[in-house]
């Protein structure tokens, strides 16, 4: 009888715990600002204790990102910024990697009280332009908030033994070898798709359809899968991040894995690499660079005073030398206080979407390039 | 000075990781991957070596804990414990729960140690071998794993194969990444089903919720056939249970290790493949699935064999061997260390620490599970009407947490609970459906990769010697299953005639 009572008590406890777990917004558990006195040199460990004053003080804030990976740039930047903002505004922020469609849906249905934020890069609007998600999730249906940082590290990579180590050399290879094709492994509807389209249009414009027609696309795959395709020699050029590719360019790496990286999306601090613009790629007559810009997105009916609090806090965070150092350690760029202002951010994001829209309209369908 | 890092704080952190990992693994819907992801932010406060003790503890514990609900309540705690239910639960039902758990724990320990030896001694060799496995070979391995459906559907092969194909079909729902087109998803469901149905709600729906429906229908009658509390000499655990299991134990551990070495093949495929091979090579294949320790050994040795195996491509090539090691990359990145081809030579202390941590975590896992399991095994005797409400609640939390808090996954749990209940009524094996569902996406992915690289030629699947060998295994496995099925039918017909 006694055992029965104990078992019943334990089971009731388990049920109560389960119910409690469900009541925390989004299944999140709060993340306190990073511990002090840490012996780690981890970027995040240094988040300082800020003023901690805002209307969200003591509240749980759910930060959703449009990726399901916890090792990619989306998670890394969102997590870093969330911890600094948590300290600055005094809330308990937690990043949930829920994926693009789910994150857009979350923002579309959230209250504009600032307790739900999406932090994500250009795929927010690219996924609408490429048709991966419906127009119901266009920028006009949400509030574009402060920008939070930039990753210029997207780049192309090819096996070290291949006859090209730059995009201009790929073009020259195609011109010199009329019977050859070069395949690019990219992801549909992502930044890599856009950079590939820009390069394709540039070659088409400067060398004609015949040369451009021999640029082929292989679509899909994570960075790991793309690397394996390169190692299997099933793809000639792959798209990824300098931080993922750099190690395979070093001396001592076995021949099958060794690669060159080139055509980055912008200048990457601490990495020797020519950007697409450095290599002569242009779009609409202007040098083409396409760093991934990360921004905060809020619901359409966002409370203006809370938005202003986020803006003020982000301006402080981005000017914090420790934050800038943490971003640099991850090879990401911190922005200036002027750039993160809401008005400047909105103009920047809408202008960027306009440029992308034009590029996508002019680029051929991937179905015709595979 | 030791060539690796270890101290009291590391041992305590590893023990905490293992215990928490076991709890995560034992809760249906929670996995080792979730455990590592949840605890990742905590590692900001640690140096890399201490963080590794914690994360590897969570990994080993998370993979091991799945056997507890699989054996005691027929609900796989993790996807790689599916095959543990096949023999573990029948053993528990006949009053040998403690024995089944101990067989599983010892097998898990051996699997973990064999994979650790492979990691320590053969990493360069195995990573070179992994590079020889292109998308073609991976497709064929997945196909080979699918042949277990034929072995599992003995006596109802048509139904089993139908369920397997149906599982593959359902796994392909969602957005096709090659052209961003939605498949089998109505417009209004697009935002919810971009990635289709998630594995965990499907898994626990089919196994847990449907079983609860079935038992509710029957009035929650207490079903343990023999309450001998493990005291009967025939059902008490002893190491003699492993007599004649040496080859099975080593083969299954090595299958798990090698599946881990192959990036993108996954832990579930490892235990499915190991179970299929145990059945194919068994002297009494008819006993597997009825509560034979042999099946349990194969399943548990292989899924823990995965732990060391999955670290091999991570640490030597820079690409994760499974979903959990994919999260582990973040721990290295946050500490500014790049894992890849130069990792071992450039970071010898960290490399040695990983080996020591993995050994320590396996030992702690064994101690923490083997001795207290006597008490945990009593769960089987808790009246169902008290146990099931808690299980339902835990399943809902697990499903909700699958994608960091989506109510759609709770609906999916319920839907697949009903699907599983209907399957039971019309005698369609849910395990075959689930195996198809688990392997379907990878099957398609590697098929497309192979075809696109070959310019559309199907001959690519017959173009490489490793592929020929796997084809041979596929044909032999299917032929054996067909022969076994025919023999079984004949035997049943003869019995009926008598």
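Here, each number is a calculation from the coordinates, and none is a lab measurement. As the structure is a prediction and not an experimental result, all values here were calculated from the model. Methodologically, a virtual Cβ is constructed for each residue, glycine included, from the backbone with ideal geometry; neighbour enumeration extends over all protein chains shown.
Of note:
- Computed FRET value (nearest 0.05) for residue A:325 with residue B:218, which takes r as the C-beta separation and R₀ as 45 Å: 0.10
- Taking 1.567 mPa s as the viscosity and 4 °C as the temperature, the Stokes-Einstein diffusion coefficient of region A:259-370 based on its alpha-carbon Kirkwood radius rounds to 77 µm²/s.
- Helix A:2-23 and the longest principal axis of the C-alpha atoms of chain A enclose an angle of approximately 50°.
- From least to most packed, judged by other beta carbons within 10 angstrom and beginning with the fewest, B:99, B:159, A:353 follow the order B:159, A:353, B:99.
- As a calculated quantity, the FRET efficiency between residue B:495 and residue B:284 at R0 = 22 Å, using C-beta atoms, amounts to about 0.80.
- Computed over the alpha-carbon atoms, region A:154-290 gives an Rg to Rh ratio of 0.93, Rh here being the Kirkwood radius from the mean inverse distance.
- Each of B:250, B:426 was scored by other Cβ atoms within 10 Å of its Cβ. Arranged with the fewest first, they read B:426, B:250.
- With Cα atoms as the point set, the radius of gyration and Dmax of region A:146-185 evaluate to 14.6, 49 Å.
- FRET efficiency for residue B:472 and residue B:242, using Cβ-Cβ distance with R0 set to 41 Å, rounded to 0.05: 0.85
- When only alpha carbons are used to place a centre, region A:49-110 and region B:422-468 end up 38 Å from one another.
- Based on C-alpha pairs under 8 angstrom that are at least 6 apart in sequence, chain B has a relative contact order of 28 percent.
- Only Cα pairs under 8 Å and 6+ residues apart enter the sum, and on that basis the relative contact order of region A:154-290 stands at 35 percent.
- 0 to 90° range, to nearest 10: angle between helix A:342-362 axis and chain A longest Cα axis: 40 degrees
- For chain A, the 222 nm mean residue ellipticity estimated from helices alone, with every DSSP H stretch of n ≥ 4 adding -39500 (n - 2.57) and the total spread over all residues, rounds to -13000 deg cm²/dmol.
- Between region B:1-65 and region A:294-344, the alpha-carbon center distance in angstrom: 33 Å
- For chain B, the 222 nm mean residue ellipticity estimated from helices alone, with every DSSP H stretch of n ≥ 4 adding -39500 (n - 2.57) and the total spread over all residues, rounds to -22000 deg cm²/dmol.
- Segment residue A:210-residue A:365, length gained on full extension (0.36 nm per residue, minus Cα span): 54.1 nm
- C-alpha long axis of helix A:73-89 to longest principal axis of chain A, angle in °: 40 degrees
- Within region A:154-290, antiparallel bridges make up roughly 60 percent of the DSSP beta bridges whose residues both belong there.
- Highest to lowest packing among A:162-170, B:44-52, scored as the average C-beta count within 10 Å: B:44-52, A:162-170
- Remark: A:179, A:320 ranked as A:179, A:320, counting other beta-carbon atoms within 10 Å and listing the fewest first.
- Spin-label pair residue B:462/residue B:42, simplified geometry with 7 Å Cα→Cβ offset, distance in nm: 5.5 nm
- When the P(r) of chain B is calculated, the portion above 43 Å amounts to 11% of the C-alpha pairs.
- Length gained on full extension, residue B:176 to residue B:117: 17.3 nm, using 0.36 nm per residue less the C-alpha separation.
- Spherically averaged projected area in nm², based on the convex hull that wraps the Cα atoms of the protein assembly as shown: 36.5 nm²
- Between residue A:304 and residue A:284, the modelled label-to-label distance comes to 3.1 nm, taking each label 7 Å out from Cα in the direction of the beta carbon.
- Gain on full extension, evaluated as 0.36 nm per residue between residue B:482 and residue B:385 minus their Cα-Cα distance, stands at 30.8 nm.
- When both region B:114-128 and region B:342-407 are represented by their alpha-carbon centers, they are found 24 Å apart.
- Summarising the label geometry, the points placed 7 Å from Cα in the beta-carbon direction at residue B:125 and residue B:418 lie 5.4 nm from one another.
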